[in-house]
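A.B. asks: I have a structure I would like to understand better, so I am pasting it below and will then ask my questions one at a time.
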Amino acid sequence: MSVSKQASRAVWLKNLHQWHWISSALCLMGMFLFSITGITLNHASQIEARPAVTRKQATVPAPLVAQLKAYAEAHDGAKDALPDAAEQWLRDTWSVNVGGRAAEWSVDEVYVPLPKAGGDAWVRIGLEDGAAEFENTDRGWISWLNDVHKGRHTGVAWNWFIDIFAVCCLVFCITGFLILKFHAANRPSTWPVVGFGVLVPFVIALLFIH
């Protein structure tokens, strides 16, 4: 191999190693988390979960009920956020922050679904008598971790993290493959091992997933 080719090879290897270790450092915690939650998610049916359900009731002040009723009559069947006064009342009464989420309006009630990672919650306000109900279901840490793994009800920031993490993993895999390619000539077992790693999931998927 000529000196120029050796120098070019060395530069490529240096850059590949740099991108490889940087992407691995960025992916480290994410890969650890997704590996653990991959196991818990795969065995979710075997892990016992006992949901903790909290229910609360209260009566909405008459002026606020009148405001909600007037809004509901004009928006029957619509999905729109609660007025600021209603959101403030929920924060003051139950420390519930609906955060401008869409409520389901009808002439006799307003219902606010509050899905979240690891559980569920909702608020219902009756517009005839002002009776308000709040229910919160917590399915525990395992369920929370499983939902985090899936990006279920985790918000925009976590969804962005998953996308960025996926890109870092791609960089890690591609640079690792190219580094293998550079060293394959001196390591005869490289491509058989790579081929085995590709073949095993393909065969399992082909034969056992129906």
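A.B. asks: Find the relative contact order for the stretch 1-129 and round it to a whole percent, using C-alpha pairs within less than 8 Å whose residues are 6+ positions apart.
C.D. replies: 16 percent.
A.B. asks: Now for a different question. Tell me which residues come under 5 Å, amide H to amide H, from V96 once H is placed; ignore anything under 5 positions away on its chain.
C.D. replies: R91
A.B. asks: Related question: First measure r as the distance between the Cβ atoms of Q18 and E133, then evaluate 1/(1 + (r/R0)^6) with R0 = 45 Å and state the FRET efficiency to the nearest 0.05.
C.D. replies: 0.20
A.B. asks: Search the structure for amide H atoms under 5 Å from the amide H of L82, placed 1.01 Å from N in the peptide plane, and list their residues when 5 or more places away or on another chain.
C.D. replies: Under 5 Å from the amide H of L82 lie the amide H atoms of A103, each far enough along the sequence or on another chain.
A.B. asks: Also: Straight distance only, please: which lysines reach the Cα of K150 with their own Cα at less than 25 Å, same-chain residues fewer than 8 apart left out?
C.D. replies: Once the sequence-local lysines are set aside, what remains near K150 is K116.
A.B. asks: Write down the accessible area per residue of the stretch 65-186 in Å², having rolled a 1.4 Å probe over the full set of protein chains.
C.D. replies: About 54 Å² of surface per residue is accessible.
A.B. asks: What's the local net charge at L127, with K and R +1, D and E -1, over the other residues with C-beta under 12 Å away?
C.D. replies: That works out to -4.
A.B. asks: Please list 3J(HN,Hα) in residue order for the stretch 185-201, calculated via the Karplus relation 6.51 cos²θ - 1.76 cosθ + 1.60 where θ = phi - 60°; whole Hz, with x for glycine and proline.
C.D. replies: For the stretch 185-201, the Karplus-derived couplings read 4, 9, 9, x, 7, 4, 6, x, 5, 4, x, 5, x, 7, 5, 4, x Hz, x marking Gly and Pro.
A.B. asks: Compute, for L178, the solvent-accessible surface of its heavy atoms (probe 1.4 Å) with the complete set of protein chains present, and express it in square angstrom to the nearest 10.
C.D. replies: 60 Å²
A.B. asks: Still on this model: For the chain, what percent of Cα pairs sit more than 28 Å apart?
C.D. replies: The proportion of pairs with Cα distances above 28 Å equals 56 percent.
A.B. asks: Percent of Cα-Cα pairs more than 17 Å apart in the stretch 1-83, please.
C.D. replies: Roughly 77 percent, rounded to a whole number.
A.B. asks: What accessible surface, in Å², does a 1.4 Å probe find on E109, ignoring ligands, DNA and RNA and rounding to the nearest 10?
C.D. replies: Roughly 50 Å² of E109 is accessible to a 1.4 Å probe.
A.B. asks: For the stretch 123-129, take each phi angle, set θ = phi - 60°, evaluate the Karplus expression 6.51 cos²θ - 1.76 cosθ + 1.60, and give the result in whole Hz per residue in order, putting x for glycine and proline.
C.D. replies: Karplus-based 3J(HN,Hα) across the stretch 123-129 equals 10, 10, 10, x, 8, 8, 10 Hz.
A.B. asks: Take the alpha carbon atoms of the stretch 1-69, find their center, do the same for the stretch 130-162, and report the distance between the two centers in whole angstrom.
C.D. replies: The distance from the Cα centre of the stretch 1-69 to that of the stretch 130-162 comes to 14 Å.
A.B. asks: Evaluated at 20 °C with a viscosity of 1.002 mPa s, what Stokes-Einstein diffusion coefficient in µm²/s does the stretch 24-149 have when Rh comes from the Kirkwood expression over alpha-carbon pairs?
C.D. replies: The Stokes-Einstein estimate is 129 µm²/s.
The values are calculated or read from the model by the stated rules, or taken from the named source; none is laboratory data. Just so we're clear, the structure is a prediction, and the values are computed from it rather than from any experiment. Heads up, the Cβs are rebuilt from the backbone with ideal geometry, glycines too, and the neighbour counts pull from every protein chain shown. These area figures cover heavy atoms from the full protein model, side chains too; ligands, DNA and RNA do not enter into them. Shrake-Rupley method; radii C 1.70, N 1.55, O 1.52, S 1.80 Å.
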